[in-house]
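What follows is one structure encoded as structure tokens, with my remarks underneath.
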Amino acid sequence: MLSTKIKNYFFLLPYCVELFYDLLICKILIVFFPFRFYAKTFGTAHYETFFFEPHYAKKMLSSIKIVSRKIPPFLPWKSKCLDQAMAAQRMLKRRGLATTLYFGFTKNKNTGTINAHAWVRSGSFWITGYQPGTQFTTVGIYSTDSDNAKCPDFVTQFRKNSHRIA
């Protein structure tokens, strides 16, 4: 039984090694460097990529999605959503696929605490962190493919109203 599972997922081994390396690099960046130092690597701010992916990339996207959910619990350090999103974005960028990195937050009504979250999308695939029942307010968007990116509605609305003085 176990050998069958190993045989079925053996093709994911290179992705596992790559993700381990990227998670290590991203954790070092998060712990030892300020956000502004590594935020430049996220891509173009305030733009997101379109919701389509090349047909040849679907298997690769689903493999990276599987690996980025299965590997972090087995790491010797605690891997949070930010380093997982950064690592997945690095993996996809290396393969030339357009990605969008989202930052959001939500406020817990009972305790009053603010919870931050990061997630990555490539095409119509939500690679890491997307949780469809939670209401995160998106506060930052970074696109790695600015040539084929569009400005989200809330940013466009903000830009239109930013010149008005109240």
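Read the figures in this text as sums done on the coordinates, not as results from a lab. Please read all numbers here as calculations on a predicted model, not as lab measurements. We place every Cβ from the backbone using ideal geometry, glycine too, and count neighbours over all the protein chains shown.
General remarks:
- Exceeding the 26 Å Cα-Cα cut-off - candidates LYS70/LYS107; LYS40/LYS65; LYS27/LYS70: LYS70/LYS107
- Peptide packing: for 108-119, 36-47, the average count of neighbouring Cβ atoms within 10 Å per residue gives the ranking 36-47, 108-119, highest mean first.
- Our coupling estimate for region 17-34, obtained by passing each phi through the Karplus curve with A = 6.51, B = -1.76, C = 1.60 and θ = phi - 60°, is 5, 5, 5, 4, 4, 5, 5, 5, 4, 5, 5, 5, 4, 5, 6, 9, 10, x Hz, Gly and Pro reported as x.
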